[in-house]
Each structure stands twice: as structure tokens, then as C-alpha cells.
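Could you have a look at this structure, given as C-alpha cells, before my questions?
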């Protein structure tokens, strides 16, 4: 066995066992033939493409699986949700000048990178509406800049809110992980509706009786309201998922669950990180239900061996 | 089922219109048809073959061992043939309109 063949065979480790057994030998043979025709060894780009596809098959992120289809549906609405969340944070967390010895503005009113990050997400949405085929790149740029911006913000400000950033970054994940399909549908109206609903829900969750009409940053002054109200939002999202699932709109249902993920997860994780807050039981119930739903989606998207080919090996060999 | 067809998919189907082919022969066929413009990577090819097989556009029609290497052959299904035929006609129609318009404005001899 040549070194090149060994290298090619090692790439198959990225694939699930069933896929490896079914297609592995064929893929290695194709790599070998391609290598012989071009250069004396398998090209790096071929190796990378085979490895990446292996990871996708292993994670069920191909265009044939429910997970892949759901990510495709959730991709652009996720970015739009992120942009609307950015607008919300701008209005609630960055614009109002808050002078309090108890609370620090998360980024401060235009003092640091917050508004620039939100602008990146808004521009990102404009770009994907015009060129939906670039959604993965756009999501990558938005997520990277948000993480880098967060690190910078930590240098100049002592209290940036990690949970808000976590939500914002997660909303780009569907675009980043969605399979390579020919994206032509921009879904502008449905995506904008998702964004507007997000905005309205955030207002409902964080608007307090103490400060009526004043926007509170999601995980800041509205903290107590989150514990009180977010469970209802979580349960509403899960009910929507259940209705869509039962009515056989399972890909849309799965997309709904994927887009609900950051809110449901952070809804439990955030109060847990604070000593003065208790985690609401309903939030935990929602988290468990979410985890079960996600497990269903991932399990049904696992690679399953194909039925055997209609013509057997001997037929072609004899011909 | 495929709603819109992008160039690499069209080229793969056009390559298979010639008859059954194995993985590397498809890569060669696509490169040849596109005059070297489209060079399919192995990972991209298998993602495409899986998707097209799932959509019922192509099917695996058997294996062969050549020089100790496994070759799996693929060919168009009847659905795939219809799809390729419709897409080709659509492309010809659009191209003809474009050429007529170019002649009209004197942009094409």
C-alpha cells in the first residue's frame, strides 16, 4: 500500500462507519485516479473536500437529511433574527445613557463596539437578501466579528454581556452549517416576519412594570422579567414546534426548534450563572423538551446505508 | 426533486447522458464539457452524487474492479433524463433569445 493510499484511506475516518463501508473504497479509488491524472499525489483541496463532506455526513448535515433541510430553512431567518436582536440591543442597551453606580451599560452608548457589531448583522442581512448564495460567508463574517468585537469590548469595558453575545453568535450557526444547496429563495417576507416577532417578543419579555415603556437590555434590568415571562415564550415556541410536527410540516418544525435553541438554552443558563436568580421550573421543562426534539432531529438525520444497487458486480465485470 | 439546477449539476447530468460512468470519469467529463472551467473536487462530487441519487435523478448501476480499485457506475434514471432534457431545452431557448437580441443590436456577428 503506497503512502498516498494510506493518506486517502485515513480521510475515511471522517465518515460514519456505515457510509465508510458502503462508499469508502469507491471514494479512495476516485481520489487515486484523480491524483494519478493530475499530480503524483492526492491534492490537498481534494483531501479537504473529502474530509469536510465526511464530517457533514457524520453530523447529518447533508441536503438529504431533515437536519440539513431544517438548517437550510432556518439559515436566513436566523440571520434576520440576529439583525433584529441587534437593533433591539442598540435601542435598549447602547443608546440610553445610564448613569448608575449599580449597573454598567453593556457596551456603553457608542463607547465601544456594540453598535458596529449590530450594523454588521444588519448589513449582513441586506447582503443575503440580495445574494442568498453567500449566506455561509456572511454568517462567518458576522459571527467572527462579533466574537472578536466581544474580546475587544472586554479590554475596554468591564461588563459586556456574554449571554447576549452568545445568542447573537448562535443565530448565525444555521447559515454556517446549512448544506451546500443552490439557494435562490430569499424568503424576505417570512424572514422579516420572524425578525419582527422576535423584536416584539423581546419587548414583552423585558419590559418591566417598574420602567414601563423603557426598553431594558435583554439580560440586564429585565432580568427578573425574563425569569417570570420567558417560560411562556419557550412553551409557545415548543407548542408551535409540536403543531408543525403533528401537521407533518416537519422540516419547518425542526427549523423552528433550531431557531428557538439559543433563547431556550440561555433562558436556563443565564439565571444559573447568577446567585440571586432561581431557574424557573418551566424553563427547565422547556429545555428538556427542546433537547428531546433536537435529539429526534439529529437521530432521524443519521446516515443509513442505501439499498444494494440493482445490477450486481458480476454483471459489469462479465460485460 | 431539483427545482433549480446549477451549473455543476447540469454538467454532471450532461456527462451521464453519454452513458454510465464512474466517479473519476464523471470528474473528467465535467472538466471536458466545461473546457476546464469546472473542476469538481472528490468531496463535492460525492455530495452531489448522494443528493442526485436521493432525488431519484441518477442511480448506481453496479460495481467493477479495475487495477484493484473499485469503480461504481452511475447513470441517469428516466426522471433524470426528462429533467436534463427539459433543462437543456430551457437553456437553449434562453440562449437563442439572447443571441437574437445581440444580433439585433449589432453586438454579435
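Only one of A:31, A:79, A:71, A:89 is buried (at least 17 other Cβ atoms within 10 Å of the Cβ), part of a helix (DSSP H, G or I) and within 8 Å of chain B (Cβ to nearest Cβ); which?
Numbers: A:79 fails: within 8 Å of chain B (Cβ to nearest Cβ); A:71 fails: within 8 Å of chain B (Cβ to nearest Cβ); A:89 fails: within 8 Å of chain B (Cβ to nearest Cβ).
None of the others qualify; the one that does is A:31.
Working only within the range B:64-80, note down all residues that are more than 12 Å from chain A (Cβ to nearest Cβ) and either over 17 Å from residue B:29 (Cβ atoms) or surrounded by fewer than 17 Cβ atoms within 10 Å (Cβ to Cβ) (or both). Steps first, answer last, please.
As a first pass, look at the range B:64-80 and keep what is more than 12 Å from chain A (Cβ to nearest Cβ): B:76, B:78-80.
Within the range B:64-80, B:78, B:79 qualify.
Quick grid of which residues meet (1) more than 9 Å from every other protein chain (Cβ to nearest Cβ); (2) farther than 25 Å from residue A:43 by Cα; (3) touching a helix residue (DSSP H, G or I) at 6+ places or on another chain (Cβ under 7 Å); (4) surrounded by fewer than 17 Cβ atoms within 10 Å (Cβ to Cβ):
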position: B:31; (1), (2), (3), (4): yes, no, no, no
position: B:45; (1), (2), (3), (4): no, no, yes, no
position: B:62; (1), (2), (3), (4): no, yes, yes, no
position: B:82; (1), (2), (3), (4): yes, yes, no, yes
position: B:85; (1), (2), (3), (4): yes, yes, no, yes
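Check whether at least one residue in the range B:90-98 is assigned to a helix (DSSP H, G or I), more than 30 Å from residue A:5 (Cα to Cα) and within 14 Å of chain A (Cβ to nearest Cβ), and report yes or no. Before the answer, list the steps.
Step one: filter the range B:90-98 for residues assigned to a helix (DSSP H, G or I), giving B:90-98.
Retained after the next criterion (residues that are more than 30 Å from residue A:5 (Cα to Cα)): B:90-98.
With the extra rule that they be within 14 Å of chain A (Cβ to nearest Cβ), the set shrinks to none.
No - not one qualifying residue is present in the range B:90-98.
Continuing with the same structure: Right, residue A:55: part of a loop (DSSP other than H, G, I, E, B) and within 14 Å of chain B (Cβ to nearest Cβ) or not? Full working, then the answer.
Working: part of a loop (DSSP other than H, G, I, E, B): no; within 14 Å of chain B (Cβ to nearest Cβ): yes.
For residue A:55, the condition - part of a loop (DSSP other than H, G, I, E, B) and within 14 Å of chain B (Cβ to nearest Cβ) - is not met.
Taking the condition of being at pLDDT below 90 and closer than 22 Å to residue A:88 by Cα, how many residues in the range A:120-141 meet it?
0
Also, I was wondering about something else. For the condition touching a residue at least 60 places away in the same chain (Cβ under 8 Å) and within 14 Å of the chain's Cα centre (by Cα), what is the one hit in B:31, B:25, B:17? Spell out how you get there, then give the answer.
Values: B:31 fails: touching a residue at least 60 places away in the same chain (Cβ under 8 Å); B:25 fails: touching a residue at least 60 places away in the same chain (Cβ under 8 Å).
Of B:31, B:25, B:17, the one residue that is touching a residue at least 60 places away in the same chain (Cβ under 8 Å) and within 14 Å of the chain's Cα centre (by Cα) is B:17.
With the condition being farther than 18 Å from residue A:63 by Cα, I'd like the helices (runs of 4 or more DSSP H) fully within the range B:1-74 carrying at least 3 qualifying residues. Before you say what the answer is, go through the steps one by one.
On the way: elements: B:7-16, B:23-33, B:42-54.
Of the helices (runs of 4 or more DSSP H) lying wholly inside the range B:1-74, those with at least 3 residues that are farther than 18 Å from residue A:63 by Cα span B:7-16, B:23-33.
OK, next. So residue A:37 fits all but one of (1) at pLDDT below 80; (2) outside the structural domain of residue A:196 (by TED's automatic domain parsing); (3) within 25 Å of the chain's Cα centre (by Cα); what number is the exception?
Status for residue A:37: all satisfied but (3).
The values are calculated or read from the model by the stated rules, or taken from the named source; none is laboratory data. Bear in mind that the values here come from a model prediction, so they are computed numbers and not experimental data. Neighbour counts are summed over all protein chains in view; Cβ atoms, including those assigned to glycine, are modelled from backbone coordinates with ideal geometry.
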